[in-house]
Amino acid sequence: MDIIFRPIHELSEALRSGDISSVELTEAFLRRIKDVDGRIHAYITVMEDDALRMAEKADERLRKKDAISPLTGIPVSLKDIFCTVNTKTTCASRILEDFVPPYDATVVRRLKDAGAVILGKTNMDEFAMGSSTENSAFFTTLNPWDLGRVPGGSSGGSASAVCACECTASIGTDTGGSIRQPASFCGVVGLKPTYGRVSRYGMVAFASSLDQAGPITRNVTDSAIVLSVIAGHDPKDATSIDAPVPDYTSFLKKDIKGLRIGIPMEYFIEGMDREVEEYVRKAVDLLKESGGEVVDVSLPHTEYAISVYYLVATAEASSNLARYDGVKYGLRVKGRGDLIDMYKETRDRGFGSEVKRRIMLGTYSLSAGYYDAYYRKASQVRTLIRRDFEEAFRRCDVIVTPTSPTPPFRVGERVEDPLTMYLSDVFTISCNLAGIPGISIPCGFTRDGLPVGLQILGRPLDEGTILRVAYTYEQATEWHRRYPDLGERPS
């Protein structure tokens, strides 16, 4: 079996034993990127020289057995929303096309401290605003299972890169489903931790009360390994939670006997794809056979989640993106007149249509005379959504739902219909509004060979339990062992 198809936990053992070197492993992934990324378009920037230097340093650590972690020598990628010192961070936007940060994001620093090798920066919807990666200012990333379909978004480049074995894992961000939905569309594992569990320092902001970084991997074990490295308190992030970080791999037991699995009726809606519902219900049956106790729960304010999200998120985006004015960094377009004219020209040329749409929506909802009617009311309903989950978790330990109501849709299918595009995240948004952790794992493939995702939600800071349930299901199935046909495949 070619080494690029092997999971992190196996590669880590091979590196420690000396069966392979990090340089050899990194070169194999760089070859893979050259072989397939011309079709997938997952990467904005490939850091070939930097990656090989990191690999050499990792090999030195491995030889000396000095500060070795499970990620030492392991090639990973980053969504191009994390600041990387001396390497461009574009957010897939023209306004930051040539921006080179002077520092690393905390997530990046923790990966480097663990000895991980960073292969490059992956494509995304501009400023993480989108559900298909079609909103990138540079190019559209394609789904490795069907090159005519989207990989989801906004972390579509990360999910595609992991799916196509162009890296072992990638760090994405999730504001309303942007890790879990692309993981579902690409048939991989995507974990959104509890809000505040992973530092946001150095992660370019979209909606500050919703954004959270997390891993996209090929299996649940690797997700637990990566989360153990990147999680933890950071004094540079005022929203960071000061709580101990467990070894998440210790929760990976094929035992869910007695765990109560909540099934919310609000997540099985009219219009949901029939095959998606079929596979999710089969997954619930399997969890029941594995010892779980299935109970019905209700999340009555779910119907308001989309409306609340697109008020809260756009309002925060309007505030956060006000800093891109052509003065301090990024694109500057000379205006024909005064300073205000320069601002207008810079933002007009620098931002894409979806980003402009959300800035305008957010600015309107925050404007005088409308704040109470829109943003304040949305914040109040957000509290009700959070309380729904608190009440549901009195009756269950985890909540299981579909990740997306449909399999991946075709490229261009929803570009001209923003509302239909926004509904792609109907099952993932509430998790962010409530600040709870969620994971998406593959649970089947449609007749057309397209992945279906199962979402597992947990109590705040209870990533361990959702990983335990996900691992139990994964080990009882073979979905995570499938790879798209891009030429060379595992033997």
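We did not get these values from a lab; they are worked out from the coordinates using the rules stated. As the structure is a prediction and not an experimental result, all values here were calculated from the model. Using ideal geometry, Cβ is built from the backbone for each residue, glycine included, and neighbour counts are taken over all protein chains shown.
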If each residue's Cβ is checked for other Cβ atoms within 10 Å, how do 132, 199 rank with the fewest at the top? 199, 132
Can you sort 221, 249 from fewest to most other Cβ atoms within 10 Å of each residue's own Cβ? 249, 221
Quick one: dipole size for the stretch 303-381, taken about the Cα centre, charges +1 on Lys/Arg Cβ and -1 on Asp/Glu Cβ, in debye to the nearest 20. 280 debye
Mind listing the lone cysteines of the chain, meaning no other Cys beta-carbon sits under 4.7 Å from theirs? 83, 91, 165, 167, 396, 431, 443
Can you list residues from other chains, or at least 5 along the same chain, whose modelled amide H is less than 5 Å from the amide H of residue 299? 265, 266
Expected vector for the stretch 11-24, Karplus 3J(HN,Hα) from phi with 6.51, -1.76, 1.60 and θ = phi - 60°, integer Hz, x for Gly and Pro, equals 5, 4, 5, 5, 5, 5, 7, x, 5, 9, 10, 5, 4, 4
With labels modelled as points extended 7 Å from the Cα through the Cβ direction, what inter-label distance (nm, one decimal) is found for residue 373 paired with residue 298? 3.1 nm
Bridge type composition, the chain - antiparallel percent by DSSP, nearest 5: 65 percent
What pairs in 57/79; 65/112; 79/192; 253/288; 88/121 have C-alpha atoms more than 18 Å from each other? 57/79
For residue 334, the aspartates and glutamates lying under 15 Å Cα to Cα, once residues fewer than eight places off in the same chain are dropped, come out as 325, 345, 348
Straight-line reach from residue 64: which aspartates and glutamates have Cα under 16 Å away, leaving out those fewer than 8 places along the same chain? 13, 19, 56, 113
Only loop residues by DSSP count here, and only those with at most 16 other Cβ atoms within 10 Å; note down the trypsin sites (Lys or Arg not before Pro) in the stretch 396-450 that meet that. 447
Return the long-range amide H neighbours of residue 262 (sequence gap of 5 or more, or a different chain), with a cut-off of under 5 Å between placed amide H atoms. 295, 397, 398, 399, 400
Inter-probe distance in nm under a simple model that places probes 7 Å from Cα toward Cβ, at residue 3 and residue 147: 2.8 nm
Ranked on Cβ counts within 10 Å of their own Cβ, fewest leading, 319, 223, 424 go 319, 424, 223
Quick one: longest stretch of the chain between exposed loop GluC sites (Glu not before Pro), exposed meaning at most 13 other C-beta atoms within 10 Å and loop per DSSP? 1-269
Determine, from the Cβ-Cβ distance of residue 383 and residue 53 and an R0 of 56 Å, the FRET efficiency 1/(1 + (r/R0)^6), rounded to the nearest 0.05. 0.70
